[in-house]
Amino acid sequence: MRVSVAFAQLAAASASQEAAAANPIRRVVNMLQGIQAKLEEEAKTAESMFEKFQCYCQSNEKKLEKSIEDAATAITRLEASIDSTAAEKKQTEADLKTHKEERAAAKSAIEEATSMRSKENADFSAESGDLKANIGALNEAIPAIEKGMAGSFLQTQAGSQLSKIAEVSMQLTDGQKSELQAFLQGTSEYAPASGQIVGILKTMKDEMEANLAEITKNENEAAAAHNGMVAAKNSEIAASTAAIEEKTARAGDLAVQVVTEKNDLKETVEQKAADEEYLSALKADCQKTAEDQAAASKARATELVAIADTIKMLNSDEALELFKKTLPSPSLLQIRQSEQQLRRSAAAALRGHGFHSDLVLLALQGKKQGFEQVLDMIEKMVKSLAKEQEDDDEKKAYCNSEIDKTEDEGKELANAISTLETRIEANQQDITALKGGIKELAQSIKDLDKAVEEATAQRKAEHEAYVEEAANNNAALDLLGMAKNRLAKVYSPETYEEAPKRELSDEEKISEAYSFVQLGDAPEAPPAVAGHANADAGGVVALMANIINDLKKEMQENEFAEKDAQEDYEKLMKDSAAKRAADSASISEKEGALAELEDDMNDARQSQRSKMGQLEDSQKYTVDLHKTCDFLLENYGARKEARENEMEGLKKAKEVLSGADFGLVQTKSFLKRQ
């Protein structure tokens with residue numbers, strides 16, 4: 001275009017100078033000066049554009065280098081963080097395993113210690129019961145023997161018990177055992193005043209009381225030690241449970257952090273590689289443009305020097321003097337008038353129609369080429385203009401198609417990015433909701449475990465109270481039954497029932513001891529019951545029967561209450577286990593959904609970055625496409641019209657020249673030879 005405009009200006013300057021003056025050298029100088037001014041203006045414009053381009057290169061190179069440096073720093077930081085987080089996660093999982101093992105060991109220790117304590121307590125109960133029964137028997141025997149009531153005492157159950165005590169006693173010598181057995185069997189006479197048998201019995205009683213005190217002390221100390229150990233182990237279990245919950249939550253957070261940081265590392269590495277690739281391409285483009293600018297500046301400078309040298313040569317005094325001598329004379333101009341008229345007519349048809357017309361115009365004005373050559377030039381130029389128009393038509397169609405296509409792709413990518421943003425936002429909300437749900441379920445399980453533990457402790461305490469109350473009630477029933485039967489033996493022998501021979505319980509032994517004391521006072525009772533025994537005994541027996549019935553009723557109610565409480569507790573345990581299993585399954589399900597959502601969100605983010613990269617490439621391609629096509633599309637009509645006008649002018653010039661009288665050309669040649 002620069003050459004086309006220059007030639008157009010050259011043709012215009014030539015036409016105006018033809019009418020103003022007859023000096024052709026002046027016209028050439030004016031044309032060269034016009035070209036010189038145009039080149040200088042073009043140089044300024046090119047330099048300004050190149051400075052802006054250099055600023056663009058430098059600015060973007062700095063930005064990319066800074067981005068690459070930041071990415072490298074981030075990569076180093078993320079790699080270190082991933083290693084550190086992975087190590088912490090591994091240590092946390094190891095600590096979690098240790099805490100679980102410690103808690104299991106503490107629970108096992110409590111179970112073993114409790115089992116051993118129960119066995120020790122059972123042994124203590126049996127031994128202390130025996131000692132208490134023996135001491136009770138001795139407490140009955142010693143006063144009876146001291147009062148001279150040995151005969152009646154030996155007929156009682158306590159007398160039989162005393163015989164058994166003597167057989168197994170470790171405190172008596174063989175002689176003492178023989179003497180005591182002889183007394184108990186009634187085969188020897190005993191003088192109460194001597195106190196020999198009483199002394200033996202008191203010695204046995206003192207030693208038994210000492211043994212009872214010692215084993216009771218040992219039992220209390222063992223129970224206290226066991227309770228202390230259980231409390232300590234429960235504290236360990238509570239601490240381990242708290243640590244397990246904390247480590248479990250921490251392990252989950254660390255797992256999520258590792259995945260997130262790995263994704264960030266991958267994205268950062270990819271972004272760094274993309275920035276490095278783009279920086280390399282940018283440097284290459286900037287270098288190539290700088291080289292092209294240097295080459296263009298050098299060519300422009302060479303052209304300006306050549307034009308300046310030419311103007312200097314044509315404007316010198318020697319050149320002007322020479323041209324005066326060599327320019328054609330007026331007579332020759334008259335002979336050439338017809339030829340010049342033809343040239344002017346053709347030039348009038350060509351002038352102002354474009355670059356190709358200007359070339360033909362220069363050829364006509366140069367007078368060195370014949371009309372045949374000019375006609376041939378016009379023919380070629382017409383074909384060239386037609387070909388240029390075809391190229392413009394094809395390029396216009398291509399540009400319109402490509403611009404529409406890239407704009408559609410850009411809209412599709414923008415819509416896809418918007419959809420991905422919505423998807424990411426929705427995933428983020430779902431992730432937040434899931435994390436909250438998991439936290440609530442975990443707290444629910446923790447609260448449920450605490451409630452189960454409290455319910456278990458309460459049920460245990462209630463059951464122990466029930467067992468204790470039932471034992472007391474049974475003992476009371478037995479005691480009342482024995483008392484009632486004992487009264488029946490005196491006041492209504494027909495209802496008296498002989499007690500079966502069996503090993504007595506501790507309570508029964510105590511009861512028997514008390515009954516022995518009552519029997520000791522019995523001989524004084526008969527005078528008091530004469531005439532009124534049946535009535536008084538009946539009231540007492542009836543009252544005792546009512547008490548027994550009330551006790552049985554209460555025991556039945558307690559049994560039903562215990563059964564209902566146990567059933568309620570078992571149902572609570574079953575429901576709690578089901579709820580805990582459901583909550584745990586829900587946590588697992590939510591954690592799975594959380595992992596899927598996080599994977600989906602990472603995929604969406606990766607797709608978003610990919611789509612944004614594609615959109616950026618599409619936008620760059622669109623900008624390049626507009627740089628290539630906008631001038632053509634904006635000036636297509638004007639270019640087509642100018643090209644058609646130029647073709648029309650060339651055709652008119654061809655018609656003018658095609659009708660010329662070539663005899664003038666021959667005359668001109670002849671005159672030149674003259």
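The values are calculated or read from the model by the stated rules, or taken from the named source; none is laboratory data. A quick note: this is a predicted structure, and the numbers were derived from the prediction, not measured. As a convention, Cβ positions derive from the backbone with ideal geometry for all residues, glycine included, and neighbour counts pool all protein chains shown. The protein model used for the area step is the full one, side chains on, heavy atoms only, and it has no ligands, DNA or RNA in it. Shrake-Rupley method; radii C 1.70, N 1.55, O 1.52, S 1.80 Å.
Just a few scattered comments:
- Computed from the C-beta positions of I547 and S586 and an R0 of 51 Å, the FRET efficiency is 0.35 to the nearest 0.05.
- Chain lengthening between D630 and T302 when straightened (0.36 nm per residue, less Cα-Cα): 114.9 nm
- Measuring nothing but protein heavy atoms, the accessible surface of the stretch 237-320 at 1.4 Å probe radius is 59 percent carbon and sulfur.
- Karplus-derived 3J(HN,Hα) values for the stretch 470-476, using 6.51 cos²θ - 1.76 cosθ + 1.60 with θ = phi - 60°, are 5, 4, 5, 5, 4, 4, 5 Hz; glycine and proline are entered as x.
- Two-site label geometry, D404 and N315: point separation in nm, points 7 Å out along Cα→Cβ: 5.7
- For A249 and A87, a Förster radius of 25 Å and the Cβ-Cβ distance give a FRET efficiency of 0.85, rounded to the nearest 0.05.
- Put K63, K147 in order of accessible area, highest first, and with a 1.4 Å probe you get K147, K63.
- Cα→Cβ-extended label distance, 7 Å offset, between A274 and A290, nm: 2.8
- Centre-to-centre separation between the Cα atoms of the stretch 595-627 and those of the stretch 225-278: 33 Å.
- Per-residue SASA entry for T289, accessible area with 1.4 Å probe, Å² rounded to 10: 50
- A simple spin-label model places the labels of K450 and E111 2.6 nm from each other, with each point 7 Å out along Cα-to-Cβ.
- The peptide list 127-134, 423-430, put in order of mean Cβ contacts within 10 Å with the highest first, becomes 127-134, 423-430.
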